[in-house]
Structures are given as C-alpha cells and as structure tokens.
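Here's the structure we're looking at; comments come further down.
The values are calculated or read from the model by the stated rules, or taken from the named source; none is laboratory data. This is a predicted model, so every value here is computed, not measured. Cβ sites come from the backbone with ideal geometry, for glycine too, and all protein chains shown count toward neighbours.
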Amino acid sequence: MNKLNSLAILLISLSLFSCKPATENSDAELDKKVDSVLALMTLEEKIGQLTLYTSDMDQTGAFIRKEYEQDIKDGKVGSIFNAYGAVYTRKLQDMAMTTRMKIPLMFGYDVIHGHRTIFPIPLGEAASWDMDAIELAARVAATEAAAEGLHWTFAPMCDIARDPRWGRILEGAGEDPYLGSLIARARVRGFQNNDLKATNTVAACVKHFAAYGAAQAGRDYHSVDMSERMLREVYLPPYQAAIEAGAVTVMTSFNDLNGIPATASKYLMTDILRNEWNFKGFVVTDYTSIMELMHHGVAADTAHAAELSVNAGVDMDMQSGFYNHSLAKLVSEKKVSEAQINEAVKRILRVKFQLGLFEDPYRYCSEEREKQLIMNPGFLESARDVARKSIVLLKNKNNVLPISKSVKTIAVIGPHADNKRDLIASWSAAGNWTKSVSLLEGIKSQLPDANILYAKGCNLNDDSTQYIEQAVKIAMQADVVVLALGEPAWMSGEAASRANLNLPGVQQQLAEALQETGKPVAVVLMNGRPLTINWLAANVPAILETWFLGTQAGHAIADVLFGNYNPSGKLPVTFPRSVGQIPIYYSMKNTGRPMNPNDKYTSKYLDVSNEPLYPFGFGLSYTTFKYSEPTLNSTEILATDTLKVSIEISNTGKYTGEETVQLYIKDLVATVARPVKELKAFKKVKIKAGESQKIEFSITAADLSFYRADMSFGTEPGEFTVMVGTNSNETKNVNFKLK
Ligand code: BGC
C-alpha cells in the first residue's frame with residue numbers, strides 16, 4: 001500500500017470513529033482502531049508517542065527542553081505537560097496537525113487539588129472522611145482543567161505516608177491503607193467520571209508507583225527498603241484501588257524499592273501492575289526519572305537507562321528525552337524489541353482514542369467553556385463547603401469556640417491572619433492566590449458590626465520579635481483572640497522535607513505572649529503536615545487544624561469560628577509529640593515487650609511517651625457524642641458469614657453535629673504478628689442535639705484477611721476484637737471468633 005492510500009484510509013476510518021460515542025466502543029473495537037493507526041507509523045513516529053515534554057509555561061522540575069515546539073512539528077513528542085489554556089493548547093495542537101500522522105497531542109498537568117478554583121490540600125480533604133466531598137473536588141478540578149484544553153491530570157497521589165518530615169505528605173490521604181484506598185477511588189471517579197470523552201473529565205494518573213511515601217527518614221527522593229508484606233498490606237492497596245476504579249495511567253516513583261529504582265522495575269510495572277492487577281493503561285515516568293537511573297547507579301549511560309526502563313514496562317518518558325535519543329538504536333541492536341515499543345504505543349494511543357482526540361483534537365480547547373466555567377460561583381461554593389468539612393477541631397477547652405457573632409472586639413493576629421498567598425499551597429496548578437479569601441477577610445464578612453483589630457505579630461519564618469508587642473497591645477483590647485499560625489506554603493510539597501516539625505520562626509513566642517494576656521486564644525493552624533505543637537496543645541484553649549484550605553479558606557474558617565458550620569474533620573494521620581517518635585502510626589505492632597511504665601525493659605523512650613500528641617482519627621465537635629457498647633449479631637462466625645456490629649451514638653451536646661464513627665479490628669493470634677488495630681469501616685452521621693442514631697457495620701472475611709506466614713492472602717480462624725469509637729485511641733470493644 002502506498003503512503004497516500006494508507007493515509008486516506010486512516011482519515012476515512014477516523015471520521016467513522018466520530019459517529020460513535022466512546023461508551024459503545026468495545027475493547028476489541030478500540031484495539032482495532034489503535035492497530036489501524038499503529039500499522040501506519042514509522043519507528044521514529046512511534047518513539048515520538050512515547051515522549052512527553054514540558055512546555056515553558058510552567059515549571060515543575062529543574063530541566064526544560066527549549067525546543068519542544070520544534071519537537072512537536074517533527075513528530076518527536078506525543079504529549080505535552082505544563083501547557084494549558086484554550087488558546088495556547090490550540091496553538092500547540094495546530095503544530096501536531098502539521099505532522100504526517102496528525103496524531104493529536106495529549107496535554108497533562110498537575111491538577112492536584114483544583115485547577116483554578118483551589119480546594120484544600122489533599123491531606124486536608126482526607127480529613128473530611130467524606131468521599132462525596134472528595135469526589136466533588138476532583139470533578140470541579142477536572143471540569144475547569146478540561147475547559148482549558150487539558151486531558152490528563154497527574155493525580156491522584158496514592159502514596160501512603162507515615163512520616164511527616166516528608167513534605168509530600170500533603171499531597172496524599174495520610175497513613176492508612178483503608179481510608180487511602182477509598183479516597184483514591186473517589187478521586188479517580190471525580191476526575192474520570194467513567195467517561196473520558198466527556199468534556200468535563202480528564203484522565204487520572206495514579207502516582208507515585210510505588211511506595212514513594214516511605215522515603216527513608218522522610219527525605220524526599222530517598223531510598224525505600226521494605227518487606228513484601230508491608231508493601232502489599234499497607235502501601236500497594238491505594239494504588240490498586242485507583243486502578244480498579246478505572247484510572248487509565250500510572251506514574252512511576254523516583255525512589256528505588258529494595259535496590260531497584262521504580263522506573264526500572266519490571267516487578268512493579270509488569271509483574272504487579274499488568275500481570276497481577278490487569279492494568280490496561282499506560283505508565284509514564286516521573287520528571288526525568290529515566291535520566292536519574294544513572295544517579296541511582298543502575299544505568300551506565302543514556303541508552304542503558306532507556307533500555308532498562310522500556311523493558312521494565314514503562315511506556316512514556318517524561319522529560320528526560322532518553323527514549324527519543326536511544327530507542328531506535330536499541331531496536332537496531334536488538335536490545336529492545338519493536339514489539340515492546342508497539343505495546344507501549346498502543347497503550348498510549350488507546351487513551352488518546354478514549355479521550356475522543358482522534359475525533360476532534362481540539363474538543364477540549366474551548367474559550368467559551370473556559371469563560372463560562374472557570375471559578376464560577378457554584379465551584380467557589382463547593383470549594384468553601386469542602387474546605388470547612390476538612391477542618392479538624394483539636395482542642396476546645398471551656399467552649400471558647402464557636403465565637404458569638406455578637407462579639408464586640410476581636411483581635412485577629414498572626415502571620416497567616418491576612419495571608420492570601422499561602423492559602424492555595426503547593427501544587428495549586430493554575431490557581432491565582434490573589435483571588436483567595438484571607439482569614440481576616442472571611443472574619444470581616446461575617447462580623448459586619450464588630451470591632452476587628454489586626455496585627456501580624458511576627459513573620460512565618462524569621463527571628464524578629466519586634467512586632468509581638470503591638471500584637472499583645474491589640475489583644476488586650478479584645479474580647480477574644482484568633483491567632484493564625486503555621487508553615488509557609490513552600491515548606492511542604494515536593495523537595496520540602498523538614499527535620500524539625502515545630503512552628504517555624506518565633507511563632508510560638510508570639511502565642512506565649514498572647515496567652516499571657518489572659519484573653520481567650522483560638523489558634524487557627526495552616527500547615528501541610530502534622531506539627532509538634534506540644535506547647536499549644538498544653539496551653540491555648542482552642543486549636544483548629546485548617547491545613548491549607550485553598551481559594552475559599554477565609555470563608556470556610558470563619559464558618560467554623562462563628563458556628564455556621566460545626567467542625568467534623570478527623571485526622572487522617574497521627575500527630576507526633578516529637579520527631580524522635582517518627583514513624584508513628586496507629587496500626588503499629590504490639591512487640592514482644594509492650595510498653596509498661598513500671599518495667600524498664602519494655603518498648604518505650606526514656607524522654608518522651610509512646611503516645612502521639614493527637615491520634616489518627618481524632619477530631620472534636622462543638623457538640624459531644626456518647627457511644628453505647630457495641631453489640632454483635634453473633635459471637636462466632638464462619639468465613640462465609642457477615643458479622644453485623646451495631647452501636648448507638650447519642651448527641652449529648654447542644655448543637656447538631658456530624659460524627660465519623662470508626663471501626664477497627666485486631667486479630668488476636670495469627671501466624672504473623674498483626675497490628676494492634678486496623679481501620680476496616682467508618683460511617684459519617686449527622687445527629688441532632690439530644691437525639692441518638694443506631695449504626696450498623698458489616699464485616700466479612702475480606703476485612704479479616706491478611707498476608708499469612710507463607711504470604712498467601714486469606715483469613716485464619718481464631719479470636720478477633722472489634723473496636724468502635726470516635727478515634728483510633730478511644731474505642732469500645734467486643735470480641736468474636738472466626739471458626
Ligand atoms: C513530581 C510529580 C509531578 C511531575 C510533573 C515531579 O517532580 O514528582 O508528582 O507530577 O513532577 O510535574
């Protein structure tokens with residue numbers, strides 16, 4: 001077949017595709033279309049499809065390839081990231097349409113917690129324990145992103161993180177595999193909505209595969225060394241959940257896992273992902289991570305790195321350009337088979353077809369949708385709602401909160417009090433910090449008649465104490481002090497590990513001076529990770545953990561401060577007392593010498609307790625809840641039975657409130673040492689003051705299964721404890737037997 005004929009056939013077949021909606025495409029039909037395109041491609045064009053470069057519009061890594069526009073025109077790049085906007089993506093797509101094959105570009109971007117309307121950081125959203133809210137946040141993000149020409153987000157980040165020194169803890173769902181898996185699913189549903197072709201969805205990318213969150217000592221990009229049992233029980237489940245929810249792409253992680261860098265790991269990318277989990281989408285590297293194989297010391301040069309990666313099952317090279325540089329040569333030397341390259345190309349083309357790009361390469365570049373959708377009032381309202389659901393009330397002595405709306409004089413103090421810039425935090429995509437609502441603005445909008453005094457008090461991260469006096473002065477005039485403290489946004493996110501988790505600078509000194517005034521102080525924390533706030537916890541009467549809440553932060557916090565919204569968040573991660581306790585997480589093992597304060601030779605520290613400052617699952621409400629004893633439908637079950645656990649929760653306080661009722665399980669005797677408890681279920685319920693609600697959980701064999709001594713997955717008969725409570729540390733327990 002001559003070239004002209006084959007292109008004509010391609011064009012005819014592409015126009016035929018446009019008649020059919022994606023949902024009618026069976027897998028076989030899709031494969032046929034992909035094959036028909038592949039059959040026409042040269043090796044060079046195929047390698048182009050395996051290449052992803054950043055534009056220079058935004059920078060998310062150290063190295064930019066300046067010639068990316070020429071690369072598009074030359075068919076040397078199949079996808080572009082860090083380029084958005086209907087006009088700009090159209091311009092780049094035009095360039096792709098001048099190539100021989102006219103294969104549309106796919107545009108990717110880090111749409112992590114909102115695109116223009118910024119939602120809370122993912123760790124904050126996780127504190128809502130509200131899957132509908134989390135799904136909604138991802139849906140709004142996808143809608144805005146897709147309106148600006150984007151097809152693909154590098155999210156959700158599914159890395160379990162148990163080390164708050166690691167700055168990227170803010171991008172995930174915290175420490176727990178069960179909660180993390182539910183959230184991973186919700187985010188994928190939100191981004192993709194089971195219909196990649198819709199113009200309000202984007203393809204999801206499950207990252208960073210795998211175990212990136214376990215970087216040694218919390219230092220970013222560091223090695224990971226862990227048992228297969230820990231990997232499979234704790235770290236892999238959220239990635240797998242996201243793939244089961246339909247995520248069509250996966251990103252490799254920067255770290256090595258037990259000596260093999262993930263980007264060169266056949267075990268991860270082929271054995272687990274494709275063979276065990278049946279993943280059909282494509283795998284992209286993280287930023288220049290093929291190049292980094294040389295720093296890891298597993299690749300001698302460019303070609304060697306490309307060979308290791310492609311043969312491990314990595315389809316797309318983000319930014320190192322090594323595939324472009326070396327794959328053709330590797331094929332001619334027979335170090336890489338063309339069949340392997342064909343597979344990779346097919347996986348990528350498949351997603352481009354699913355997105356509808358072959359029907360209309362410009363379907364997502366719509367200036368009209370951009371104008372109509374970006375930051376529309378409905379999205380801002382959603383962002384405010386998700387933000388207030390993400391707030392965790394850590395302390396509320398003497399019911400300092402909520403503050404009465406008839407308060408006469410209120411002092412709003414602290415380096416975060418009138419700060420807009422940090423609210424949208426790291427990975428805020430195309431967010432514009434000037435559009436965010438500061439805490440001071442939020443408070444002003446809810447207290448039109450009050451006397452509102454403001455002082456910065458100190459900077460976020462320096463030693464100057466000269467502003468403290470002024471802050472004390474205004475506090476003295478006020479009925480109540482709202483004190484906004486925390487980290488600057490740049491202290492969390494990528495390449496933002498900390499060895500010290502105290503409040504930076506002189507912020508604690510400011511808090512001490514204000515506490516001295518005797519005025520009631522409510523601290524509003526803004527930070528991307530658990531902090532060791534022992535002094536605050538012991539001394540100030542009220543603390544709200546607000547993470548970084550995004551565009552609507554000020555309104556959301558004011559909603560909680562003045563009681564428009566009763567806080568309902570629960571910590572998705574343990575707060576340590578001391579960096580020396582890390583890693584600290586609730587599902588620890590008991591050890592052979594469990595802690596006994598009266599016995600020296602037990603598992604403990606000499607200088608700090610084993611207890612966290614705030615446990616996983618912790619969070620107060622303006623009302624109080626009382627738990628009945630849990631009851632079971634049977635105290636003995638078979639592996640085929642469903643155990644029903646019932647409990648009654650009563651709202652014993654003055655306000656309507658929401659409570660996240662948590663259920664944990666412990667396997668008392670097994671062939672391997674099991675954690676002291678593991679979250680297996682939870683329900684978030686709204687109960688009016690004075691009312692009660694009965695809650696029922698169903699437990700099946702799946703909840704009791706684990707990797708046994710021989711690494712087979714399943715249950716073992718014996719006794720279990722069910723623990724139901726308001727957090728991982730305060731539960732009511734009952735035992736049952738599995739026969
Ligand atoms: C990060 C990824 C991100 C990528 C693209 C990398 O530095 O690790 O999470 O998706 O850059 O911006």
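Points to keep in mind about this one:
- Among the residues of the stretch 202-219, those identified as in a loop (DSSP other than H, G, I, E, B) and surrounded by fewer than 24 Cβ atoms within 10 Å (Cβ to Cβ) are ALA215, ARG219.
- Failed item in (1) touching a Lys or Arg at 6+ places or on another chain (Cβ under 9 Å); (2) surrounded by fewer than 24 Cβ atoms within 10 Å (Cβ to Cβ); (3) of a type in the set (Gly, Ala, Ser), with ALA513 passing the rest: (1)
- Listed by position, the helices (runs of 4 or more DSSP H) inside the stretch 56-171 whose residues that are within 16 Å of the ligand (Cβ to nearest atom) number at least 3 are 131-147.
- Residue count, the stretch 237-263 (criterion: out of contact with any helix residue (DSSP H, G or I) (no Cβ under 6 Å at 6 or more places or on another chain), free of Cβ contacts under 8 Å to residues at least 40 places away in the same chain and at negative phi): 2
- The listed residue being in a helix (DSSP H, G or I) and surrounded by 19 or more Cβ atoms within 10 Å (Cβ to Cβ), out of ASN311, ASN324: ASN324
- Selection count where residues are away from the ligand (no atom under 13 Å from the Cβ) and in a helix (DSSP H, G or I), scope the stretch 276-304: 8
- All conditions in (1) in contact (Cβ under 8 Å) with a residue 60 or more places away in the chain; (2) touching an Asp or Glu at 6+ places or on another chain (Cβ under 6 Å); (3) more than 12 Å from the ligand (Cβ to nearest atom) hold for GLU233, with the sole exception of (2).
- Taken together, the residues in the stretch 172-196 that are small (Gly, Ala, Ser) and part of a loop (DSSP other than H, G, I, E, B) amount to 3.
- Looking only at the stretch 305-320, and only at residues there that are within 15 Å of the ligand (Cβ to nearest atom) and among the hydrophobic types (A, V, I, L, M, F, W, C), the one that is nearest to ASP71 (Cα to Cα): MET318
- Checked against the criterion of being at pLDDT 95 or above, within 23 Å of MET106 (Cα to Cα), within 16 Å of the ligand (Cβ to nearest atom) and assigned to a helix (DSSP H, G or I), the candidates ALA247, ALA242 yield just one match: ALA242.
Here's the yes/no breakdown for (1) surrounded by fewer than 20 Cβ atoms within 10 Å (Cβ to Cβ); (2) not polar (S, T, N, Q):
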| position | (1), (2) |
| --- | --- |
| SER609 | yes, no |
| LEU613 | no, yes |
| ASN633 | yes, no |
| ASN651 | no, no |
| ARG674 | no, yes |
| GLN693 | yes, no |
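- Any hit, the stretch 627-639, residues being in contact with a Gly (Cβ under 7 Å, 6 or more places away or on another chain), modelled with pLDDT of 95 or more and closer than 28 Å to ILE543 by Cβ: yes
- Qualifying residue in the stretch 393-402 (condition: in contact with an Asp or Glu (Cβ under 8 Å, 6 or more places away or on another chain) and closer than 30 Å to GLU144 by Cα): no
- Entry remark, the stretch 175-200: residues being of a type in the set (S, T, N, Q) and either within 14 Å of the ligand (Cβ to nearest atom) or buried (at least 23 other Cβ atoms within 10 Å of the Cβ) (or both) number 1 in total.
- Selection over the stretch 277-298 of residues that are among the hydrophobic types (A, V, I, L, M, F, W, C), within 18 Å of ALA344 (Cα to Cα) and surrounded by fewer than 21 Cβ atoms within 10 Å (Cβ to Cβ) gives a count of 1.
- Only residues that are on the phi > 0 side of the Ramachandran plot, surrounded by fewer than 24 Cβ atoms within 10 Å (Cβ to Cβ) and not polar (S, T, N, Q) were counted across the stretch 78-124, and they come to 2.
Okay, residues lined up against (1) closer than 19 Å to ALA542 by Cα; (2) within 16 Å of the ligand (Cβ to nearest atom); (3) modelled with pLDDT under 95:
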residue: LEU447; (1), (2), (3): no, no, no
residue: ASP462; (1), (2), (3): no, no, no
residue: ALA471; (1), (2), (3): yes, no, no
residue: VAL480; (1), (2), (3): yes, no, no
residue: ALA489; (1), (2), (3): no, no, no
residue: GLU494; (1), (2), (3): no, yes, no
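- Within the stretch 411-436, the residues that satisfy the criterion of being more than 23 Å from the chain's Cα centre (by Cα) and surrounded by 22 or more Cβ atoms within 10 Å (Cβ to Cβ) are ALA411, VAL412, ILE413, GLY414, PRO415, HIS416, ALA417, ASN419.
- Within the stretch 685-703, the residues that satisfy the criterion of being under 16 Å from SER634 (Cβ atoms) and either part of a strand (DSSP E or B) or without any contact (Cβ under 8 Å) to a residue 60 or more places away in the chain (or both) are GLU696, PHE697, SER698, ILE699, THR700, ASP703.
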